[in-house]
Structures are given as C-alpha cells and as structure tokens.
Amino acid sequence: MDKSIIADPHSRYGNARSATRHFIVQRLTGALNVLFTIFFIWLVVRLAGTARADMVAVIANPWVAILTALLILSVVIHMRIGMREVIEDYVHDPRLYSLSLTLNSFFAIAIAVLGWLALIKIVFWG
C-alpha cells in the first residue's frame, strides 16, 4: 500500500461498524466454540462404539439436536469471518477480491445448509 494513502487522515479503510461487528462476532463465536467443543467431545465419547440405532436415538434428542445445530452455525460463522480476514489481507486484485468474498459466503452457507440437512435427516428419519 502506498504510504501517502496511509499518511492521509481522510483516506478510508472500510466500514468501521462492519469491522467492529466482525471483530466482536469472531470473538464471541470463538468463545462459544470452546464450549461447543466440550459438548462435541462428550457427544463423540458417548457415541463411541455404540450401534447406529443408539447413535440416532442420542442425536434425535431435542437438546442434542439443538446444540448440534447451534454448533454448526457457530463454527460456520467463525469460519466465514476468519476466511474473510485472510482474503482481505492477501487478495489485492479488486475483481478477484469480490469473487473471493462471494465464494466464501456461498461456501459457508453451503456448509451450514448441508450440515443442517444431515442433522434433520438423522433427527426425523434416522
């Protein structure tokens, strides 16, 4: 980046509200992911060595299903913001930058939808 742009107090680096929101959401989802990791470890240990019918019964429990759905949401949001920061830091071509951000969002949405569909299938249809 040109030093004259950095030295100019009137230059703009992006939307401050958006950056602050991303910063806060990234930290919140990171903290939530620590708690969700504890839940996920419990779930994996609980399901280790069990039959498929027992696995379906545990995951079909409303509390487990809701926590798993929230885990998927939290991880996907955290991933999307983290990848956005990587794209902002390393992609400098404006066309490629926009394409990368768009693909990042679509990828995050696809992962969330596929995860939720798999969970819904297990919960309702075994």
### Query
To the nearest 20 debye, what is the magnitude of the charge dipole of the chain about its Cα centre, counting +1 on the Cβ of each Lys and Arg and -1 on the Cβ of each Asp and Glu?
280
### Query
Going through region 24-126, which chymotrypsin sites (Phe, Trp or Tyr not before Pro) have at most 12 other Cβ atoms within 10 Å and a DSSP loop state?
none
### Message
How charged is the neighbourhood of residue 23? Take every other residue with its Cβ under 12 Å from the Cβ of residue 23, and add Lys/Arg as +1 and Asp/Glu as -1.
### Response
+3
### Message
Using alpha carbons only, how many angstrom separate the centre of region 27-47 from the centre of region 73-87?
### Response
17
### Task
State the three equivalent ellipsoid semi-axes of region 12-79, derived from the C-alpha gyration tensor as the square roots of 5 times its eigenvalues, in descending order and whole Å.
34, 10, 8
### Message
What distance in nm lies between label points placed 7 Å from Cα along the C-beta direction at residue 93 and residue 105?
### Response
2.1
### Message
In whole Hz and in residue order, list the ³J(HN,Hα) couplings for region 57-70 that follow from phi through the Karplus curve 6.51 cos²θ - 1.76 cosθ + 1.60, θ = phi - 60°; x for Gly and Pro.
### Response
5, 5, 5, 6, 4, x, 5, 5, 5, 5, 5, 5, 5, 5
### Message
Keeping every protein chain present and rolling a 1.4 Å probe, give me the accessible area per residue for the chain in Å².
### Response
73
### Summary
Dimensionless Rg/Rh of the chain, both radii on Cα and Rh by Kirkwood, sits at 1.14
#### Entry: In sequence order, calculated HN-Hα J values of region 77-86 (Karplus, 6.51, -1.76, 1.60; Hz; x Gly/Pro)
4, 4, 5, 4, 5, x, 5, 4, 5, 5
### Query
With all protein chains present, how much of the accessible area of region 62-126 (probe radius 1.4 Å) comes from carbon and sulfur, to the nearest whole percent?
78
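The values are calculated or read from the model by the stated rules, or taken from the named source; none is laboratory data. If you're wondering where the values come from, they're calculated on a predicted model, not measured in any experiment. Neighbour counts run over all protein chains shown; Cβ positions are idealised from the backbone, glycine included. Protein only, heavy atoms only, side chains kept; ligands, DNA and RNA dropped before computing areas. Shrake-Rupley method; radii C 1.70, N 1.55, O 1.52, S 1.80 Å.
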